[in-house]
Amino acid sequence: MDSATLERAMPGLGPARAAELVAGCNEAMLAGGITTKLRAAMFLAQVGHESVSLRFKAEIGHGAGRPYPPYYGRGFIQLTWRYNYAAFGAWAHSRGLVGDRNVFVAQPELVEQDRWAWLSAVWFWSAHNLNAFADRGDVQGATLVINGGTLGLEARTDRYFRALQFGDAICPTHPAAPEDELTVSQYENLKAALDDVRHTLDLMARGDKAPAGIPEARDPHETHPANLVTMNQRITDIAAALDLAIRGDKAPPGVAERADAADTHPANLTAMNERLGRLEKTVARIAVKLDA
């Protein structure tokens, strides 16, 4: 989703603020598996209502007279109560987003920062399996989970249908990678990938020839055992990447499983996209070399 679409989905937001918030919105929706227009429309409708089109990230009155301060409503879905701040911190820690799982208990005001305002909303969304409500277009059911009642149901419904009219444009997108410049780490990773490809091609070309310092094989018509070992190591690495696709919705070790097992788990999706991105860049660079 781009900033113009976010602005249109959030009446009154304004272009400058939409530009500041759109990256966090895309990150949050990807993290929560909110990757269809039905899910995105429901998410935008609910957070839009709770935050008045993303303009408020803290409960009015800061929970004065209520039993929960300082853990009053914060973020774009109004995260409230200490136990929810603790659970959000544990979730963020499990994904490597924070170093201290208790950071939001110790510093609840952090949830008012844009990124955590989005991610706290998507933690709540995921923890309560709200994608299931979105998949069946159940605005009332989602409202009951978020609000505890049906306060603002008509307005939430209006926002839902407003977002739906933008179709797939409201679905999340990955951040664009720089086209013309590489960081030092990107260059080193690319160089390592190219070296790996070059070495693999060398193994294929030399076949029965032994690597330097290793005796030649007795049978020159078969792949040398040393080359076979190296190629098997590469096959194992490829198998590990394919395993991500095979296991799909199953979470990696240490990452919580999701209640909704219909789609690829976000953690696996992220890892696969990273591998695809690296592969695409490597192939592109090799093509340039071959054409030179």
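Look at the alpha carbon pairs under 8 Å that are at least 6 residues apart: their mean separation over the length of segment 57-127 gives a relative contact order of 31 percent. Taking amide H atoms as placed 1.01 Å from N in the peptide plane, the amide H of residue 79 lies under 5 Å from those of 74, each 5 or more residues away in sequence or on another chain.
Under the convention that each Lys and Arg Cβ holds +1 and each Asp and Glu Cβ holds -1, the size of the dipole of segment 1-152 around its Cα centre is about 160 debye. Which shape class, rounded, prolate or oblate, goes with segment 56-116 when its Cα gyration tensor gives a ≥ b ≥ c as root eigenvalues, a/c under 1.5 marks rounded, and past that a/b bigger than b/c marks prolate? Taking the square roots of the gyration eigenvalues as a ≥ b ≥ c, segment 56-116 is prolate. Amide H contacts under 5 Å for residue 128: none, restricted to partners 5 or more places along the chain or on a different chain, H placed in the peptide plane at 1.01 Å from N. Sorting the segments 22-31, 82-91 by their mean number of nearby beta carbons within 10 angstrom, highest to lowest, gives 22-31, 82-91. Based on Cα contacts under 8 Å between residues 6+ apart, segment 3-170 shows a relative contact order of 27 percent.
We did not get these values from a lab; they are worked out from the coordinates using the rules stated. As the structure is a computational prediction, the values presented were derived from the model and not from experiment. Ideal geometry is used to build each Cβ from the backbone, glycine not excepted, and the neighbour counts take in all protein chains shown.
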